[in-house]
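**Student:** One structure, pasted below without further comment.
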């Protein structure tokens with residue numbers, strides 16, 4: 001399976017440095033979480049890893065191939081990308097939209113074959129959408145539409161999954177279902193990098209975390225290492241109510257507790 005590696009990647013928008021000097025890797029079988037405050041550069045990093053933004057500095061590889069030099073169709077077969085927002089304002093059915101995930105495997109104007117239909121069926125089943133397959137997407141709830149977009153990514157069967165806040169609009173039960181789906185994908189030899197704001201989900205499901213702040217990678221390691229009391233306070237201005245990490249029962253704004261005790 002494929003390994004995704006970034007060395008010294010950076011991205012600038014006008015005079016603003018969005019991301020600078022980030023090194024990271026995503027190995028087969030690994031589920032990693034990308035965490036950090038709003039505006040830290042997490043989504044930009046994910047788009048760089050997907051090859052959707054040109055890096056101003058550094059380079060991204062899949063195995064030993066430079067990502068930017070891989071043909072778009074080949075890259076789409078290897079890397080599935082889920083943006084933070086995927087507007088759908090037309091009355092396409094759930095099944096037809098999920099089938100669009102098979103486009104990297106089809107020649108122009110080629111109709112889906114049996115293998116494509118099986119992949120779509122599997123993606124619908126994994127995301128709990130079989131009963132909604134004929135519903136127009138624009139008639140679904142926000143959480144249901146989010147699962148449709150996840151299913152579309154899964155239908156392409158890419159070994160590498162990159163998802164920007166994939167569970168943000170889901171109810172708690174579906175959050176756990178989708179996180180387990182990503183975990184199962186990695187257990188079967190795939191890999192996934194997820195931008196997450198729920199630190200408890202990140203701590204429970206991810207093997208490694210990347211903590212981004214101010215456009216830089218400020219911590220990397222296991223959840224126990226990254227979600228330390230010091231990092232929570234420094235980056236998020238949070239203080240665990242008990243214990244030393246986000247594995248604790250809860251946390252509160254540091255300002256609510258006054259000086260450290």
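Read-outs: derived from the displayed coordinates by stated rules, not from any lab. Small disclaimer: the values here were computed from a predicted structure and weren't measured. Note that we place each Cβ from the backbone using ideal geometry, even for glycine, and neighbour counts take in every protein chain shown.
**Student:** Hey, what did the chain get for relative contact order, percent, Cα under 8 Å, at least 6 apart?
**Tutor:** It comes to 24 percent, rounded to a whole number.
**Student:** Under 10 Å, Cα contacts only: if you run a Gaussian network model on the chain, which one of 151, 57, 20 comes out with the highest mean-square fluctuation?
**Tutor:** Ranking 151, 57, 20 by mean-square fluctuation puts 57 first.
**Student:** Same structure again: Using the alpha-carbon atoms, what tilt in degrees (0 to 90, nearest 10) does helix 142-155 show relative to the longest principal axis of the chain?
**Tutor:** 70
**Student:** Rank 41, 80, 221 by mean-square fluctuation in a GNM of the chain with C-alpha springs under 10 angstrom and give only the top-ranked residue.
**Tutor:** For the chain, modelled as a Gaussian network with Cα springs under 10 Å, the answer is 221.
**Student:** Is the C-alpha gyration tensor of segment 1-138 telling us rounded, prolate or oblate? Criteria: a/c under 1.5 is rounded; beyond that, a/b larger than b/c is prolate, otherwise oblate.
**Tutor:** prolate
**Student:** With a ≥ b ≥ c the root eigenvalues of the C-alpha gyration tensor of segment 167-238, is it rounded (a/c under 1.5), prolate (a/b larger than b/c) or oblate?
**Tutor:** Because a/c hits 1.5 or more and a/b exceeds b/c, segment 167-238 counts as prolate.
**Student:** Indicate, rounded to the nearest 5 percent, the antiparallel portion of the DSSP beta bridges found entirely in segment 4-227.
**Tutor:** So the antiparallel bridges amount to about 55 percent of the total.
**Student:** Which one is right for this structure if mean projected area of the Cα convex hull in nm² is calculated from it: [x] 13.6; [y] 15.2; [z] 17.5?
**Tutor:** Working out mean projected area of the Cα convex hull in nm² from the coordinates points to [y].
**Student:** On to the next question. Using the 10 angstrom Cβ neighbour count as an exposure proxy, how do 90, 61 rank, fewest first? List each step's numbers first, then the result.
**Tutor:** Details: 90 9, 61 18.
Placing the least packed residue first, the sequence is 90, 61.
**Student:** Considering the chain as a Gaussian network with a 10 Å cut-off on Cα pairs, which listed residue, 122, 208, 13, attains the greatest mean-square fluctuation?
**Tutor:** Top of the fluctuation ranking is 13.
**Student:** While we're on this one: Quick one: grab the alpha carbon gyration tensor of segment 63-197, order the square roots of its eigenvalues as a ≥ b ≥ c, and give me rounded if a/c is under 1.5, else prolate or oblate depending on whether a/b is larger than b/c. Before the final figure, lay out each step's value.
**Tutor:** Values: a/c = 1.61, a/b = 1.14, b/c = 1.42.
Here segment 63-197 falls in the oblate category.
**Student:** How far is helix 114-126 tilted, in degrees, relative to the longest principal axis of the Cα atoms in the chain, given as a value from 0 to 90 rounded to the nearest 10?
**Tutor:** 40
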